[in-house]
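**Student:** Structure provided below as structure tokens; questions to follow.
The values are calculated or read from the model by the stated rules, or taken from the named source; none is laboratory data. It should be emphasised that the depicted structure is a prediction, and the values quoted were computed from it without experimental measurement. Side chains included, ligands, DNA and RNA excluded: accessible areas come from the protein's heavy atoms. Shrake-Rupley method; radii C 1.70, N 1.55, O 1.52, S 1.80 Å.
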Amino acid sequence: MSGSYDECAVADDTMDSFWEVGNYKRAVKRVDDGHRLCNDLMGCLQERAKIEKAYGDQLTAWSKRWRQLIEKGPQYGSVERAWLAVMTEAEKVSELHQDVKNNLTNEDVEKVKNWQKEAYHKQMIGGFKEAKEADEGFKKAQKPWAKKLKEMEAAKKSYHLACKEERLAAAREANGKTEASVTADQQKKLHEKVDKCKQDMQKAKEKYEKSLEELNKCTPQYMECMEQVFDQCQQHEVRRLTFLKEALLDIKRHLNLTENPNYATIYRELERTILSANTQEDLKWFSNNHGPEMHMNWPAFEEYNPDQAAAPPKKKKPDGAPPTPSTEHHVAPPGDRSSVSSYEKNQAYSTEWSDDEQPATLSGNENGGGSGGNGGNGGNGNSFEEDSSSGKGVRVRALYDYEGQEQDELTFKSGDELTKTEDEDEQGWCRGRLDSGREGLYPANYVEPM
């Protein structure tokens, strides 16, 4: 046995002991609590699974958005590949977090649900079979002792009441001896009352002692039976706690990505891609494609060819002539991606690729230069913008799609309407304003008057 009756007897009378009648209910309630805790654990895992899925989805969306921005942006070469490798890392980590979500819901939650179903058997009348069996076991073990306890409590009450009566009778007798008004006959009756109370008190005491002795005799049997039922409850709880520990270890294994070999591989590949970035190779590539190493058809004498259609000059302010529209696909030929500004390509994310500096040859109208009324328009992101607040111009319609290749060029689709604010220059370019308010250059042969 876990303890003796004597040890329990010396405990504080106010102690809420297991051995008191009815206090086994807490052990029975633990069965119901165990079933509820299984539900709590499943709810906890389902919430974590939602978090894992949301994080994975956010990583995927972030990677997709920034991959587009980087690919359309001015970064080039091996450093661009290294940057894009960070997006690849996010996509692969997103997949791992989706796996965590699937493991939590498909394995861990299902495991808890199945164990709960096997360990707790619901009754038609409500409650669980295990709780009912424990409750009935405790009641059966406690019933004989509870009966003896009730008899002992009644005997104790009678004895204490007899003691009280004896003290009152003794006090009245003592007072009668000091009062002259009390006759000898009255004093004799008071004395007889005291003797009777003492006799009653002695009988009550003997009965109380006897009932207490009988209670003590059945206490060991009571404790043994109660502990047997309690041990059965403990065995059920051992199974629950052991299962819970194993389940938590499985959950930890699913959550700990550092134990997943694929997780380490992701970052080894990312590090290898970043370390492979070669500054000198990138600079050489840029020089070959956009620098002094480029091939140049230097001007040479050409005979007049009457069959050749007139074309606009090859240079625009200094950056080049407008492209010739494609009549087959009605779209502008794509420019060199390394020179495309992501500010123009991704106006929805205008803050992602900001550049406060503009080419010096295109900044004559900034900060008050050129037209005097344009000093406050530098923040519009258009260094060519002049004072067009008057709204003057000619409405034109786009014949073809055009995607601006520089920050000072407009982007529009076939059929879009805009306002031409300056006529075509000698190089084939017009200045115009979109309905959104943005101003810039566009090829004159891409539009027609309305």
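**Student:** Just the number please: accessible area per residue for region 394-449, 1.4 Å probe, all protein chains included, in Å².
**Tutor:** 42 Å²
**Student:** Quick one: of Lys53/Lys113; Lys50/Lys129; Lys25/Lys50, which pairs are farther than 31 Å apart, Cα to Cα?
**Tutor:** In this structure, Lys50/Lys129; Lys25/Lys50 exceed 31 Å between Cα atoms.
**Student:** In sequence order, what are the phi-derived ³J(HN,Hα) couplings for region 242-251 according to the Karplus relation 6.51 cos²θ - 1.76 cosθ + 1.60 with θ = phi - 60°, rounded to whole Hz, with x for glycine and proline?
**Tutor:** For region 242-251, the Karplus curve yields 5, 4, 4, 4, 5, 5, 5, 5, 5, 4 Hz.
**Student:** Ok, one more. Which links in Lys150/Lys207; Lys147/Lys207; Lys117/Lys140; Lys111/Lys252 stretch past 18 Å when you go from one Cα to the other?
**Tutor:** Lys117/Lys140
**Student:** Pull out a ≥ b ≥ c, the square roots of the eigenvalues of the alpha-carbon gyration tensor of region 394-449, then state rounded if a/c is under 1.5, prolate if not and a/b is larger than b/c, and oblate in the remaining case.
**Tutor:** rounded
**Student:** Right, here's the next one. I'd like the carbon and sulfur percentage of the solvent accessible area for region 98-182, probe radius 1.4 Å, heavy atoms only, ligands and nucleic acids excluded.
**Tutor:** 53 percent
**Student:** Follow-up. Compute, for Arg395, the solvent-accessible surface of its heavy atoms (probe 1.4 Å) with the complete set of protein chains present, and express it in square angstrom to the nearest 10.
**Tutor:** Its heavy atoms expose roughly 90 Å² to the probe.
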